[in-house]
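The values are calculated or read from the model by the stated rules, or taken from the named source; none is laboratory data. All figures in this text were calculated on a predicted structure; none of them were measured in a lab. Cβ: placed from backbone, ideal geometry, glycine included. Neighbour counts: every protein chain shown. The protein model used for the area step is the full one, side chains on, heavy atoms only, and it has no ligands, DNA or RNA in it. Shrake-Rupley method; radii C 1.70, N 1.55, O 1.52, S 1.80 Å.
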Number of protein chains: 2
Amino acid sequence: MSELGQQLRVDSVRSSSAANSGHPTSSMSAADLMAVLLEKHLRLDYQDPKNPNNDHVIFSKGHASPLYYAMLKAAGAITDEELLTFRRFGSKLEGHPVPIIPWVDVATGSLGQGLPIAVGEALAGKKLDRLPYRVWCLCGDSEMAEGSMWEAFEHAAFTGLDNLTAIIDVNRLGQTRETMVGWDLDRYVKRAEAFGWHAIAIDGHDDDAIDAAYTEARETTGKPTVIVARTKKGKGVKAVEDLPGKHGKPVEDEEAAIEELGGYRELSVDVAKPDDGGREPHSFDVPGGELPTWDVGESVATREAYGKVITALGSMHGDVVALDGEVSNSTHSEMFREAHEDRYFEMFIAEQQLVAAAVGMQVRGWKGFASTFAAFFSRAYDFVRMAAISRADLRLSGSHAGVSIGEDGPSQMALEDFAMFRAVHGSCVLHPSDANQAAQLLAEMVDRKGISYLRTLRGKTQVRTPADEAVTIGGSRIAHEGDDVAIVACGIVVDQAVAAAEQLEGEGVSARVIDAYSIKPLDQEAIRTAARECGAIVTVEDHWPEGGLGDAVLDALADADERPPVTKLAVREMPTSGKPDELLHAAAIDAEAIAGAARQVAKAGSPA
Amino acid sequence: MSELGQQLRVDSVRSSSAANSGHPTSSMSAADLMAVLLEKHLRLDYQDPKNPNNDHVIFSKGHASPLYYAMLKAAGAITDEELLTFRRFGSKLEGHPVPIIPWVDVATGSLGQGLPIAVGEALAGKKLDRLPYRVWCLCGDSEMAEGSMWEAFEHAAFTGLDNLTAIIDVNRLGQTRETMVGWDLDRYVKRAEAFGWHAIAIDGHDDDAIDAAYTEARETTGKPTVIVARTKKGKGVKAVEDLPGKHGKPVEDEEAAIEELGGYRELSVDVAKPDDGGREPHSFDVPGGELPTWDVGESVATREAYGKVITALGSMHGDVVALDGEVSNSTHSEMFREAHEDRYFEMFIAEQQLVAAAVGMQVRGWKGFASTFAAFFSRAYDFVRMAAISRADLRLSGSHAGVSIGEDGPSQMALEDFAMFRAVHGSCVLHPSDANQAAQLLAEMVDRKGISYLRTLRGKTQVRTPADEAVTIGGSRIAHEGDDVAIVACGIVVDQAVAAAEQLEGEGVSARVIDAYSIKPLDQEAIRTAARECGAIVTVEDHWPEGGLGDAVLDALADADERPPVTKLAVREMPTSGKPDELLHAAAIDAEAIAGAARQVAKAGSPA
């Protein structure tokens, strides 16, 4: 309990009292751990937060934000005045840290995410930047119950991330009760060791022990280190120290608490800068090249196109990397691995860690394309949600979506991915129907800000889009001309829609098929034009009826001048196994069903 | 490698060859493990699959379905003819097991879910049913990389589930490569022991060793047992045994494989029935009681109502239980814990295990209400998705949603929960605006089939709904009469919408406020009536614009005769910390914004 440690406590008490909310007791338990880090071990130029050689500090226990902000003040990064704006409207110092603060890499506050993201940063340091910066991650003991923490433990050890130090603040008390492990530090040590880490148990209020542990962590090679620190929640203020019922609220008597902690202080720490702050991150020499193209009429699965395109993008851009959830021969990211092995990351069956690694890497500017079965991104939805709050740039691709995958059955069929990804702030949701569309959309994703999601298909589709036709995020294309009715489709059902339009043509009904490869943003102009010119709209998608293409089309017309009736075709019953055609038919999203629906609503004037 | 084990292999080869897809090699590795289980240790009356005393078998590695179906045939539960319908359209034997098969408890196929669900079943056996049945869970080694498996390990040990046996089929090979652990059984053993399990490492093809391990598992008390079995993928057929590149495809030469395995067999196992098959499950005596009610005009948070109501439901129904993710003093499920301690389950900060436990318990008919912050259900989205495929009845309640939570910031604000839960097959999505609505909706959830989700509010809202007014899933209520414009709102913004309507009234604009407490199913009749009578609609919700109430309203009008313009008010920028009122205003979903939008679109004839 150094003077600095006490200052961090005092400031945690002051800011949360000023806000009349927040988590001072969760901050006070870790104050000594962070004081010693700041004074003796951290290498971070607070004047130059983007210096690639800086160490990284992640508060996986994001609710200890008062402590984090108190550190910023001690480091001279923010003023005491700003500290006291904590949690106020307009302040950067939100209830949980967000990267609108220059020194914050990622948003935390959903427990169990900081450490997996730290793994991504440490992977970037070791395998991509190839710089000796360290990643320090403060974890709560409550969040050790989140499975994602153990995904991180496994990956960090497997990849030998000795540049990563996790610090578990074992204050024993969760929000309402003692954790499952309590103060049994040895259990944390045994678990960490069983997962391949070097583990050090200490008294988290003993500055010398903390100092020695950090030194040991920095000297340990070949494996990550975890410091398991026994602490007391609310340490230093008897009214709250190690007491239940004191979570997430300011101390009752601020003045007395500050006095008990030795009073207000104005210590300023000259945090060490990186030892060799001028080193440039590694960059990968690339041969260049061009996007692959396909001839109109070829039959090719967009997942295969995905593999070829990201491989080409890897040749064109040295900062493009690929990650996969151990299904790389299904998503075809294996092509990238074969071509650019040192920029491919196998994340095994751990989708939370898959997304978290991509989030961590993009902190350092690496552009990861992360792929797995589309259905399994639902496992990482909280990570995607938080990535948006992190203002992260993510490129995600899900394969094997919808009933069209066939025999594997519903567990492998993403039927909610459009809904899930549309409801992410700043996202785009793409679903090319052919390989040339996939190529151009993936190329545009490289530089796109925010969360980009692209669904690929298991089965082959006919290439309809000429390679030299522009395909852009927010665009669409007309796959069949007509003006008696508009059919808006995407992905696998574009073929079905065109077949339906051809059939209707024989009946004298002229149907316009819009290939809405960009579901968010949707091509509102094309939809509104179709509404005006065709009078009735049928939407069709291999997705549940909620939150997908149909809803997006309705949204595009919500306050339009022309609002024709819209018939939504989508998967409405739980699918089973079967052949793709059987399942498209059973779900009533095949050519027959589309033709039937279009016939019903086509302009009264048409012969139908 | 007994005769039965070989038969299970042969039948795995045959069914997947007949289907021309599937996972025979992942089945063959575990065939001996399952043969010994079936012949010597399982207590399951296949003629009476609903017998409460039956053991439970869960294939967490659901892709080994050929093995599971081969077991059903060996047990006389299905015919050889049915076995060969594997993966065909119309067959119950889907690519991954689903509970349309009477002996299947839950759908698996998304890895890492079977074991957490098994924990729920074992909890039900020990704490609720109080019957000595055992839960046997076959796990793949690849899925040990899923964090959810370690959530299960921790909970099973913490609650002393000695009625649970996990069997890890360590065949070393994933879909594309070796797992991170390979055949290093000792690492699994150390991890399991560190998490508090009894662990036994064996050769998974040595029948005597398997038999002894099961015996040891059954005799072990106070803790769950894991059997870590070294196996070979594709065991028994040299063309595929322990070879990469053989995942998820039929063997190339079916005939030769069958011959190598000793040929076709027709062994039939007389699986032991439960030792005391007539025992009745425990039932909880309950005092009965009534739903709480509130007076119109009272101010109460719906999360507080949630606590009171589920506590009352617990008094009325002995089969109602509650689970929480260590935020019970926020969700107010703590009231249930205090009243019905033996039916409350603390799942700590492990939302995947939280949902999985509820899934497991409902297999045995227990009606769990599972609660956490609404945002954190996104962590368990894949579990909810799979629960729908499991035809599970789930009751989920998320508190602290939307910008109205205030200072905690966006990490704690669910803004995608409507979208996420709407896109679940057979779900309902509810968001009461006051306590009396919450009470009636929660009461209806008790007996509702499928996935039910109810969002509660952190802040207080005025009770507007008389306690004796009917509130039903699929209903709505008019909170303010009017016919110049309709405002459709839910939850926290109903108060704002009514304030807007009152303001507009002073301007001579008569606005109808529809309180759409049931977002799915939406009260289509009320929306269509409003469309006809009011001519223009404004929707308002504390949610992203995608996939929520606004989209549901548009969907209700998609093919209606009257399709007036709809203005969607929703949260369109990333929120920050601040006071609830500041944030509602900043998001333009407060009374001022609603009045402004309504004024713009109200009937041309109105004075505005």
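Residues checked against (1) open to solvent by 10 Å² or more (accessible area, probe 1.4 Å); (2) outside any helix (DSSP H, G or I); (3) within 25 Å of B:Gly174 (Cβ to Cβ):
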| site | (1), (2), (3) |
| --- | --- |
| B:Gly5 | no, no, yes |
| B:Arg14 | yes, no, yes |
| B:Ala18 | yes, no, no |
| B:Gly22 | no, yes, yes |
| B:Ser27 | no, no, yes |
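With respect to A:Ala157, determine if the residue is within 9 Å of chain B (Cβ to nearest Cβ), open to solvent by 10 Å² or more (accessible area, probe 1.4 Å) and within 21 Å of B:Lys190 (Cβ to Cβ). Taking the combined requirement at face value, the residue satisfies it.
The residues listed here are A:Val309, A:Val286, A:Val355, A:Val359; of these, the one that is outside any strand (DSSP E or B), at pLDDT 95 or above and open to solvent by 40 Å² or more (accessible area, probe 1.4 Å) is A:Val286.
Yes/no matrix, rows are residues, columns are (1) under 30 Å from A:Ile101 (Cβ atoms); (2) hydrophobic (A, V, I, L, M, F, W, C):
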| position | (1), (2) |
| --- | --- |
| A:Phe373 | no, yes |
| A:Ala392 | yes, yes |
| A:Ala414 | no, yes |
| A:Asn436 | no, no |
| A:Ala439 | no, yes |
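Just one of the numbered conditions (1) surrounded by fewer than 22 Cβ atoms within 10 Å (Cβ to Cβ); (2) out of contact with any helix residue (DSSP H, G or I) (no Cβ under 8 Å at 6 or more places or on another chain) is not true of A:Leu42: (1).
Selection of first residues in the stretch A:254-269 that are in contact (Cβ under 8 Å) with a residue 60 or more places away in the chain and of second residues that are among the basic types (Lys, Arg), restricted to Cβ pairs under 6 Å at least 6 apart or on distinct chains, gives the following pairs, ordered by first then second residue: A:Leu261/A:Arg9.
B:Ile200 passes every criterion in (1) surrounded by fewer than 24 Cβ atoms within 10 Å (Cβ to Cβ); (2) closer than 30 Å to A:Leu354 by Cβ apart from (2).
Considering every residue within the stretch B:179-193, establish whether at least one is in a strand (DSSP E or B) and either more than 9 Å from chain A (Cβ to nearest Cβ) or in contact (Cβ under 8 Å) with a residue 12 or more places away in the chain (or both). The answer is no, given that none of the residues of the stretch B:179-193 is in a strand (DSSP E or B) and either more than 9 Å from chain A (Cβ to nearest Cβ) or in contact (Cβ under 8 Å) with a residue 12 or more places away in the chain (or both).
Is it the case, given these coordinates, that A:Tyr214 is touching a residue at least 24 places away in the same chain (Cβ under 8 Å), within 19 Å of A:Val57 (Cβ to Cβ) and assigned to a helix (DSSP H, G or I)?
yes
Only a single item in (1) charged (D, E, K, R); (2) open to solvent by less than 30 Å² (accessible area, probe 1.4 Å); (3) within 23 Å of B:Phe383 (Cα to Cα) is not met by B:Lys127, and it is number (2). In summary, A:Pro292 fulfils each of the numbered conditions (1) touching a Lys or Arg at 6+ places or on another chain (Cβ under 6 Å); (2) of a type outside the set (S, T, N, Q); (3) part of a strand (DSSP E or B) with the single exception of condition (3).
B:Met335 meets the conditions (1) assigned to a helix (DSSP H, G or I); (2) within 14 Å of another protein chain (Cβ to nearest Cβ); (3) crowded, with 24+ Cβ neighbours inside 10 Å; (4) in contact with a Lys or Arg (Cβ under 8 Å, 6 or more places away or on another chain) in every case but one. The failed one is (3). Of the candidates A:Lys223, A:Lys232, the single residue that is within 14 Å of another protein chain (Cβ to nearest Cβ) and either farther than 15 Å from A:Ile168 by Cβ or open to solvent by 20 Å² or more (accessible area, probe 1.4 Å) (or both) is A:Lys223. Of all residue pairs spaced 6 or more apart or on separate chains, those with beta-carbon atoms under 6 Å, a first member in the stretch A:550-571 that is open to solvent by 10 Å² or more (accessible area, probe 1.4 Å) and a second member that is hydroxyl-bearing (Ser, Thr, Tyr) are A:Asp559/B:Thr567; A:Lys568/A:Thr539. Quickly run through the stretch B:425-450 and pick out the residues that are within 14 Å of chain A (Cβ to nearest Cβ) and either part of a loop (DSSP other than H, G, I, E, B) or surrounded by fewer than 24 Cβ atoms within 10 Å (Cβ to Cβ) (or both). B:His425, B:Gly426, B:Ser427, B:Cys428, B:Lys449, B:Gly450 - these are the residues of the stretch B:425-450 that are within 14 Å of chain A (Cβ to nearest Cβ) and either part of a loop (DSSP other than H, G, I, E, B) or surrounded by fewer than 24 Cβ atoms within 10 Å (Cβ to Cβ) (or both).
Applying the criterion of being under 31 Å from the mean Cα position of the chain (by Cα) and part of a strand (DSSP E or B) to the residues of the stretch A:225-257, the residue that is nearest to A:Ser15 (Cα to Cα) is A:Ala229. Would you check if there is a residue in the stretch B:405-412 being within 14 Å of another protein chain (Cβ to nearest Cβ), open to solvent by less than 10 Å² (accessible area, probe 1.4 Å) and within 16 Å of the chain's Cα centre (by Cα)? No, the conditions are met nowhere in the stretch B:405-412.
For the stretch B:69-96, a residue qualifies if it is within 20 Å of B:Gly5 (Cβ to Cβ) and either open to solvent by less than 10 Å² (accessible area, probe 1.4 Å) or within 9 Å of chain A (Cβ to nearest Cβ) (or both), and the qualifying residues are B:Tyr69, B:Ala70, B:Met71, B:Leu72, B:Ala74, B:Leu83, B:Phe86.
Annotation note: Cβ proximity below 8 Å between a residue of the stretch B:286-314 that is on the phi > 0 side of the Ramachandran plot and a residue that is open to solvent by less than 50 Å² (accessible area, probe 1.4 Å) (sequence gap 6+ or interchain) occurs for B:Gly288/B:Ser315; B:Gly289/B:Ala312; B:Gly289/B:Ser315; B:Gly297/B:Val463. In the condition set (1) touching a Gly at 6+ places or on another chain (Cβ under 7 Å); (2) open to solvent by 30 Å² or more (accessible area, probe 1.4 Å), B:Ala467 is compliant with all but (1). Residues that are at negative phi, assigned to a helix (DSSP H, G or I) and among the aliphatic types (A, V, I, L, M) do not occur anywhere in the stretch A:87-109.
If you go through the stretch A:362-376 and keep only what is open to solvent by less than 10 Å² (accessible area, probe 1.4 Å) and more than 9 Å from every other protein chain (Cβ to nearest Cβ), you end up with A:Gly368, A:Phe369, A:Ala370, A:Ser371, A:Thr372, A:Ala374. Pick out the one residue from B:Arg379, B:Arg422, B:Arg395 that is under 17 Å from the mean Cα position of the chain (by Cα), at pLDDT 95 or above and either surrounded by fewer than 24 Cβ atoms within 10 Å (Cβ to Cβ) or more than 7 Å from chain A (Cβ to nearest Cβ) (or both). So the residue among B:Arg379, B:Arg422, B:Arg395 that is under 17 Å from the mean Cα position of the chain (by Cα), at pLDDT 95 or above and either surrounded by fewer than 24 Cβ atoms within 10 Å (Cβ to Cβ) or more than 7 Å from chain A (Cβ to nearest Cβ) (or both) is B:Arg395. B:Ala209 meets the conditions (1) more than 12 Å from every other protein chain (Cβ to nearest Cβ); (2) touching a strand residue (DSSP E or B) at 6+ places or on another chain (Cβ under 9 Å); (3) touching a residue at least 12 places away in the same chain (Cβ under 8 Å) in every case but one. The failed one is (3).
Please list, ordered by residue number, the helices (runs of 4 or more DSSP H) wholly in the stretch B:496-608 having 1 or more residues that are within 11 Å of chain A (Cβ to nearest Cβ), over 30 Å from A:Val601 (Cα atoms) and within 34 Å of the chain's Cα centre (by Cα).
B:580-586
Picking from residues in the stretch B:97-118 that are away from every other protein chain (no Cβ under 12 Å) and in contact (Cβ under 8 Å) with a residue 60 or more places away in the chain, the one that is surrounded by the fewest Cβ atoms within 10 Å (Cβ to Cβ) is B:Asp105.
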